[in-house]
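Worksheet: the structure to be examined is printed underneath.
The values are calculated or read from the model by the stated rules, or taken from the named source; none is laboratory data. Worth saying up front: this structure is predicted, and the values here are computed from it rather than measured. Because the Cβ atoms are built from the backbone with ideal geometry, glycine has one as well, and the counts that use them run over all protein chains shown. Just so you know, the surface numbers come from the protein's heavy atoms only, side chains and all, with ligands and any DNA or RNA stripped out. Shrake-Rupley method; radii C 1.70, N 1.55, O 1.52, S 1.80 Å.
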Amino acid sequence: MIEQELRAALAALVDGLPARQASAAVERLIAHYRGETPTAAPVLRESADAVAYAAYRMPATFAAASAALRALAERTPGWTPASHLDVGGGTGAAVWAAAEVWDTARSTVVLDWAEPTLALGRRLAAGADALPPAEWRRGSLRGTAPELAPADLVTVSYVLGELAEGDRRAVVDAAARAARGAVVLVEPGTPDGYLRIREARDALLAAGLRVLAPCPHDGTCPLLVGEDWCHFAVRVARSSLHRRVKGGELAYEDEKYSYVAAVRGEAAEGQGPAAGRILRKPRLRKGQVLLDVCGHDGSPARRTVTKRDGATYRAARKAEWGDAWPPGDAL
């Protein structure tokens, strides 16, 4: 299994890293994810930073990217990418995630501006039989708009928050131009991360792509900025480094993420977006399930499903945050 291979490779990395050095690097990463790190330089500047990031954050970013790519795959059952460009891919979490979702051969290019991160990504991938061959290429995402090589699938995962506003817009526009089939953007599930995804979604629509997930429509996001934000969650087993640094007792945590998947060409044919999408964890009541659903008309609404609804009620009790709704619309 891809995830098990990844965790084994990460565990081997941490064995050679002194605990104090790993903890210091992780603290810098935590400051960055809280928005306290400037965007004028790479977040991962040294090999210790890259190792700490991979051990501490890569399982979570892999899980979030896997969930986003799986949502795309569910809406495009007849489409498989033959090429993949991972923009700002760093240690390659989205490459591992794509291998988890599609077990077919494809060419892969990972573009990042930090050489220590690329070197670590190569090292992790070298021992993974299930990963497709990849080219790890250094390149800046800042300044003039990057020219990206065309690919069936373009991913930009946990990158936009590291860029200034102008660079962020340029990267999204370049990703839209490069994508022959699909673009998938993933950010932390914070209010700021959601705003970056919301802005990028508008840019993808303006570039002529069609949104397939999570939104069930191509209209303006109906959520009121400052009052709510669209995000999802995936449960992730904590690594030993994670537990050591945070001092947490739980063996898992929930990674919250925001994402958008947009398509054109062959990927846009056939299956369309879901009729609705569950926006929050379903609330179970006696004989009832309360669902907050974003609908195809572009408006969120509360759905109350009761025992009288039979099979729909049973499906609602099993439904999870982020699922397509109604249940007959899920593949």
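Out of curiosity, is residue 276 in contact with a Lys or Arg (Cβ under 7 Å, 6 or more places away or on another chain) and either open to solvent by less than 70 Å² (accessible area, probe 1.4 Å) or at positive phi (or both)? When the stated conditions are applied, residue 276 does not pass them.
Being assigned to a loop (DSSP other than H, G, I, E, B) and among the hydroxyl-bearing types (Ser, Thr, Tyr), is that true of even one residue in the range 255-268? Within the range 255-268 (the criterion being assigned to a loop (DSSP other than H, G, I, E, B) and among the hydroxyl-bearing types (Ser, Thr, Tyr)), the answer is no, since none of the residues qualifies.
Looking across the range 169-178, the residues that are closer than 12 Å to residue 203 by Cβ and either of a type in the set (A, V, I, L, M, F, W, C) or buried (at least 22 other Cβ atoms within 10 Å of the Cβ) (or both) come down to 170, 171, 172, 174, 175, 176. When the range 120-138 is filtered for residues that are open to solvent by 20 Å² or more (accessible area, probe 1.4 Å) and not in a loop (DSSP other than H, G, I, E, B), the ones remaining, listed by number, are 122, 123, 125, 126, 134, 135, 136, 137, 138. Within the range 2-24, if we keep just the residues that are modelled with pLDDT of 80 or more and open to solvent by 30 Å² or more (accessible area, probe 1.4 Å), the residue that is nearest to the chain's Cα centre (by Cα) turns out to be 3. What residue, of 90, 127, 121, is of a type in the set (Gly, Ala, Ser) and more than 25 Å from residue 172 (Cα to Cα)? Testing whether each residue is of a type in the set (Gly, Ala, Ser) and more than 25 Å from residue 172 (Cα to Cα) leaves just 127.
The single residue among 211, 236, 225, 260 that is at pLDDT 85 or above, touching a helix residue (DSSP H, G or I) at 6+ places or on another chain (Cβ under 8 Å) and loosely packed, with under 14 Cβ neighbours inside 10 Å turns out to be 225. When residue 44 is tested against (1) buried (at least 23 other Cβ atoms within 10 Å of the Cβ); (2) at pLDDT below 75; (3) farther than 22 Å from residue 193 by Cβ, just one condition goes unmet, and that condition is (3). Identify all residues within the range 52-98 that are out of contact with any Asp or Glu (no Cβ under 6 Å at 6 or more places or on another chain), assigned to a helix (DSSP H, G or I) and of a type outside the set (A, V, I, L, M, F, W, C); write none if there are none. Within the range 52-98, 53, 56, 57, 59, 61, 70, 74, 75 meet the criteria. When the range 99-119 is filtered for residues that are of a type outside the set (Val, Ile, Thr), part of a helix (DSSP H, G or I), surrounded by 17 or more Cβ atoms within 10 Å (Cβ to Cβ) and modelled with pLDDT under 90, only 116 remains.
Filter the range 275-300 for residues that are more than 15 Å from residue 232 (Cβ to Cβ) and touching a Gly at 6+ places or on another chain (Cβ under 6 Å); which is modelled with the lowest pLDDT? By that ranking, first place goes to 298. Is there any pair with a first residue in the range 308-324 that is open to solvent by 70 Å² or more (accessible area, probe 1.4 Å) and assigned to a helix (DSSP H, G or I) and a second that is small (Gly, Ala, Ser) and at pLDDT below 95 whose Cβ atoms are under 7 Å apart and which are 6 or more apart or on different chains, and what are they? Sorted first by the residue in the range 308-324, then by its partner, the list stays empty.
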